[in-house]
Amino acid sequence: MIVNPTDEGWDIVFQPAHGLLAAKLASEFAEDRRCPFWLETVTAIATHDDGQVAFQPGDRRYLTQAGAPKDFTAVELSAEQRYEKTRDCLENAYRKHRWTGLLESQHAEFLYGEKDAASDSLKELLANERQHREHVLDELELDRDDLQIAYDIMRWCDRCSLILCQDRIPSIGRNLEVITFANGTRVDLSQDDSGNLRINPWLFGTAKFEATVEVHRLTRLAFEDDEQLEQALRDCTTHVRRYEFERSVEMP
């Protein structure tokens, strides 16, 4: 969950909804900025944050010590849970398409490839994936650069969606770096006087579009366990948050 405090309680975006918002951004990319296997790429972007650990009765995995909903950045997984989650995500991705699996594999490498805290089983999984990626790229008659371009798109959409869902849109007059692509292109997010969002350089095929995400609004501040939080999320009001993107005349 992505958790933002409000005056009344909490605004919560589920991580699969964040993934869907990322895919909506990808779907607007200009034709000349798209990579091979485009639908499979958008699918990987949409589903990369699925498969979260379920709420369990009596557990407090998703609650702070005071009983508040816990943002995903503060949720801890055991080494075994992290390994199992990564393994299952990779298996599901490869079952969709080899390209979708490659992107999920590259994402796992980005998240855990250089972390000393990774378990031996996860390190072995990642090592096997490095070899497997080369094999699959040969099968698809593509190379590492093709995969890097696609993964840059995935990571940009993921990062931009996360900024939006975390309510971290920069104030008017400020530029916020989303990511810098492997080719050195830095892509910034900003907001104009009317509240429209600008992306520089402009990545999209139309001069203006809207993207939305569903937000679950809780007015209760604390919960006894994860099951109680889950029930509250089922019963609460759902709001649609809208983002208007528009290209400025001076943007390339």
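The values are calculated or read from the model by the stated rules, or taken from the named source; none is laboratory data. Worth saying up front: this structure is predicted, and the values here are computed from it rather than measured. Cβ placement follows ideal geometry from the backbone for every residue including glycine, while neighbour counts extend to all protein chains displayed.
Condition first: in contact with a strand residue (DSSP E or B) (Cβ under 7 Å, 6 or more places away or on another chain), at positive phi and not hydrophobic (A, V, I, L, M, F, W, C). Can you find one or more residues in the range 139-159 that meet it?
no
Would you call residue 80 in a helix (DSSP H, G or I), in contact with a helix residue (DSSP H, G or I) (Cβ under 8 Å, 6 or more places away or on another chain) and either exposed (fewer than 13 other Cβ atoms within 10 Å of the Cβ) or touching a residue at least 40 places away in the same chain (Cβ under 8 Å) (or both)?
The answer is yes for residue 80.
Could you tell me which of the residues 221, 189 is under 22 Å from the mean Cα position of the chain (by Cα) and either surrounded by 13 or more Cβ atoms within 10 Å (Cβ to Cβ) or more than 29 Å from residue 106 (Cβ to Cβ) (or both)?
Of 221, 189, the one residue that is under 22 Å from the mean Cα position of the chain (by Cα) and either surrounded by 13 or more Cβ atoms within 10 Å (Cβ to Cβ) or more than 29 Å from residue 106 (Cβ to Cβ) (or both) is 189.
If you go through the range 59-77 one residue at a time, do you hit one that is in a helix (DSSP H, G or I) and in contact (Cβ under 8 Å) with a residue 40 or more places away in the chain?
For the range 59-77, residues in a helix (DSSP H, G or I) and in contact (Cβ under 8 Å) with a residue 40 or more places away in the chain: present.
Test each condition in (1) under 28 Å from residue 132 (Cβ atoms); (2) touching a helix residue (DSSP H, G or I) at 6+ places or on another chain (Cβ under 7 Å); (3) part of a helix (DSSP H, G or I) for residue 21 and report the one that comes out false.
(1)
Looking at the range 16-40, I want the residues that are closer than 14 Å to residue 164 by Cα and in contact (Cβ under 8 Å) with a residue 24 or more places away in the chain and have a partner that is buried (at least 22 other Cβ atoms within 10 Å of the Cβ) and of a type in the set (Ser, Thr, Tyr) with Cβ atoms under 8 Å, at least 6 apart or on another chain. Which pairs are those?
Cβ pairs passing all conditions: 18/161; 19/161; 21/161; 22/161; 25/161.
Right, residue 216: at pLDDT 95 or above, closer than 21 Å to residue 5 by Cβ, surrounded by fewer than 18 Cβ atoms within 10 Å (Cβ to Cβ) and of a type outside the set (A, V, I, L, M, F, W, C) or not?
Answer is no for this residue.
Six or more apart or on different chains, Cβ atoms under 7 Å: show the pairs whose first residue is in the range 163-178 and touching a residue at least 60 places away in the same chain (Cβ under 8 Å) and whose second is assigned to a strand (DSSP E or B) and loosely packed, with under 11 Cβ neighbours inside 10 Å.
That search, which allows pairs on different chains as well, returns nothing.
Among 205, 195, which is among the small types (Gly, Ala, Ser) and surrounded by 13 or more Cβ atoms within 10 Å (Cβ to Cβ)?
205
It is to be established whether one or more residues within the range 36-45 are of a type in the set (Gly, Ala, Ser), under 24 Å from residue 242 (Cβ atoms), within 16 Å of the chain's Cα centre (by Cα) and crowded, with 16+ Cβ neighbours inside 10 Å.
Among the residues of the range 36-45, not one is of a type in the set (Gly, Ala, Ser), under 24 Å from residue 242 (Cβ atoms), within 16 Å of the chain's Cα centre (by Cα) and crowded, with 16+ Cβ neighbours inside 10 Å, which makes the answer no.
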